[in-house]
Amino acid sequence: MTEYAAYCGLDVGKEAHHACALDLEGKRLFDAELPQDEARLRRLFTDLSGHGRVLMVVDQPNTIGALPIAVARSMGIDVAYLPGLAMRRIADLHPGSAKTDARDAYIIADAARALPHTLRRVDVGEEALAELKVLVGFDDDLAGEATRLSNRIRGLLTQVHPALERVLGPRVSQKATLALLTQYGGPTGLRKAGRARLLQAARKANPRGADTLIEAIVAALAEQTVTVPGTAAADRVLPNLARSLADTLDQRRQIAAEVEQVLDVHPLAEVLTSMPGVGVRTAARILLEVGDGSSFPTAGHLAAYAGLAPVTHRSGISIRGEHPARSGNKHLKRAFFLSAFAALRADPNSRAYYDRKRAEGKKHNAALICLARRRCDVIHAMLRNRQPYQPRTAAAA
């Protein structure tokens, strides 16, 4: 274990940080507010380096903590961060209940000095990871906007023409559906356009399945003869919503292409995407949340961090059982869950395991969680060995 002469804890802030530096014995070497300024950060790190080797620890390695980390790295200073949950638990060991920047900075520095096992490293090669974080964060925003717009469109259709919503709702993100809504609006505009024009517009947007879609729309329009109040307004609003949704989906496709370009630079990208069900977005999320996986000694640790491992409840002989975890990294859990769902079609082994769990009486979501937990073991081994996915052969099975 590396021994340092100075442990600098930084409670990072938007405009200013609070820095507290301790020596090996716990004596304060520095304790003051520090502006979010490169020159001032360099001055502090230079002064601390006069005592010997320095470890700088932050409570937030991204966004507002990015500049101190970059400055420290450029000066050859080791960097780590203290996770928020660990910090809150360590804070309970210190006297007092006040929540101040000065107290938090001291707790961070003291944890680095006395409890080094609680620290997490900040991944090297974060150039690609930093770009991925920006792109994936923007993609998350776009995904939320796409969901909001889709729900708004479906809500309007349900209000004025439920039969039409049953046809277009499940297809609301398809190009043909958006083209029809953009060009003709709601039920009134679609009915006036007629079958021939609708078919022409649908085929232009997406020839595949256009005939089936138009037949379903015409049949749905015939199911309702009354005009519900608000239909005229819906006809005016729906084209704008459809255009916004189409634009949002186009931006998501562009971001996915940029994510793929950045991901290609990372040495573990090819390893992760070799597994069936792990696409560009899933691989990017896994890299952002777990890095190279070296912080997790076993697959069980990774599963617990992702919230895939069941939680055991025991108290004497009265309470016994295991329950699904409610905690864990929700972004990582969702990535594992969605990749397991995608693997049902892409990987026969995953499908066979899922079917076996369903045959045991588990419901769909429970069987998927079991599959995600199993795949978590495989992903951990792939990251540990830096080897791509190797499907199980019949003999191995």
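A full extension of the chain between H301 and R386 corresponds to an added length of 28.8 nm, given 0.36 nm per residue minus the alpha carbon distance.
Among the aspartates and glutamates, which have Cα under 18 Å from the Cα of K99 when same-chain residues fewer than 8 positions away are ignored? Result set, ordered by chain and number: D11, D31, E33, D59, D110. For the chain, the antiparallel share of DSSP beta bridges with both residues in that region comes to about 70%.
With 0.36 nm allotted per residue and the present C-alpha distance subtracted, the R358-D377 stretch has 4.8 nm of extension available. Diffusion coefficient of segment 269-385 by Stokes-Einstein, Kirkwood radius over Cα pairs, 10 °C, 1.306 mPa s: 108 µm²/s. Its Cα centre serving as origin, the chain has a Cβ charge dipole (Lys and Arg +1, Asp and Glu -1) of approximately 2080 debye.
For L34, the residues 5 or more places off, or on other chains, whose built amide H falls under 5 Å of its own are H17, H18, A19.
The base-10 log of I(q)/I(0) for segment 239-291, evaluated at q = 0.28 Å⁻¹, reads -1.04 [Debye formula, identical scatterers on Cα atoms, solvent excluded]. Reported to the nearest whole Å, the Cα centre-to-centre distance from segment 161-194 to segment 209-265 is 8.
Between S327 and R154, the contour length at 0.36 nm per residue exceeds the Cα-Cα span by 59.1 nm. With a threshold of 29 Å on the Cα-Cα distance, the over-threshold entries among K175/K363; K133/K363; K175/K362; K204/K330; K14/K133 are K175/K363; K133/K363; K175/K362; K204/K330. Taking 4 °C and 1.567 mPa s as the conditions, I'd like the Stokes-Einstein D for the chain in µm²/s, using the Kirkwood hydrodynamic radius from alpha carbon pairs. Estimated via Stokes-Einstein, D reaches 51 µm²/s. Calculated FRET efficiency, A366 to S74, Cβ-Cβ distance, R0 = 41 Å: about 0.25 to the nearest 0.05.
Taken as Cα centroids, segment 41-81 and segment 83-104 sit 21 Å apart, rounded to the nearest whole angstrom.
Laboratory data are not the source of any read-out in this text; all were calculated from the coordinates shown. Bear in mind that the values here come from a model prediction, so they are computed numbers and not experimental data. FYI the Cβ positions are ideal-geometry reconstructions off the backbone, even for glycines, and counts take in every protein chain you see.
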